[in-house]
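Everything below concerns the one structure shown next.
Please treat every number below as a calculation from the coordinates, not as lab data. Predicted, not measured: the structure shown is a model, and the values here were computed from it. Here the Cβ is made from the backbone with ideal geometry for all residues, glycine too, and neighbour counts use every protein chain on show.
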């Protein structure tokens, strides 16, 4: 896992409209959540409404959120940029949803699954890496975003995030053949 305190790795990726979005575009935000996600993973589908609501709740608090899809769209066409555009509309996401075609950004974050969440403070130091909440498809726990919300609230209050952080659980990122990372 990317160690807490790590500076946010840079990125410059296209959004669903083809506009290039970079880490620098969030320089004025009080914090930044970078979420590796995709369209088809049951774990992402399960939290999508909660993720969209979290973005609406924290936008007035000057929190930046960006979704990044690094899945191999050739072998997983449900995660293609065209389908990502449909997903933004269907899920009512108000944050940029970017496509990491080379998978280099996912590797720089040491992302492993979807969803995989990284929260950075104003100085862009990693303060949280973990689950959205304890809800999983079929476990009956409501989707609330409790864990990420607690981390966001701590950062916004100038406090430390909890040292107890539960790693994200989800579908493995669909790496292109021969492009698998060495950190597994």
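Before moving on, here are some points about what is shown:
- Global form of region 55-157, assessed from the alpha-carbon gyration tensor, a/c cut-off 1.5: prolate
- For the listed peptides 109-122, 71-84, a ranking on the average number of other beta carbons within 10 Å per residue, highest first, reads 109-122, 71-84.
- As a rough guide to protection, the peptides 49-61, 87-99 ranked by mean Cβ packing within 10 Å, highest first, stand as 87-99, 49-61.
- Rounded to the nearest 0.05, the FRET efficiency derived from the C-beta distance between residue 92 and residue 176 at R0 = 30 Å is 0.50.
- Distance (nanometres) between label positions extended 7 Å along Cα→Cβ at residue 169 and residue 80: 3.3
- Residue 72 versus residue 149: modelled label distance in nm, points set 7 Å from Cα along the beta carbon direction: 3.8
- If both residues of a DSSP beta bridge must be in the chain, then about 60% of such bridges are antiparallel.
- When log10 I(q)/I(0) by the Debye sum over Cα atoms at q = 0.08, 0.14 Å⁻¹ is calculated for this entry, the matching label among (1) -0.28, -0.82; (2) -0.21, -0.70; (3) -0.24, -0.79 is (2).
- Cα gyration tensor category, rounded, prolate or oblate, for region 47-111 with a/c compared to 1.5: oblate
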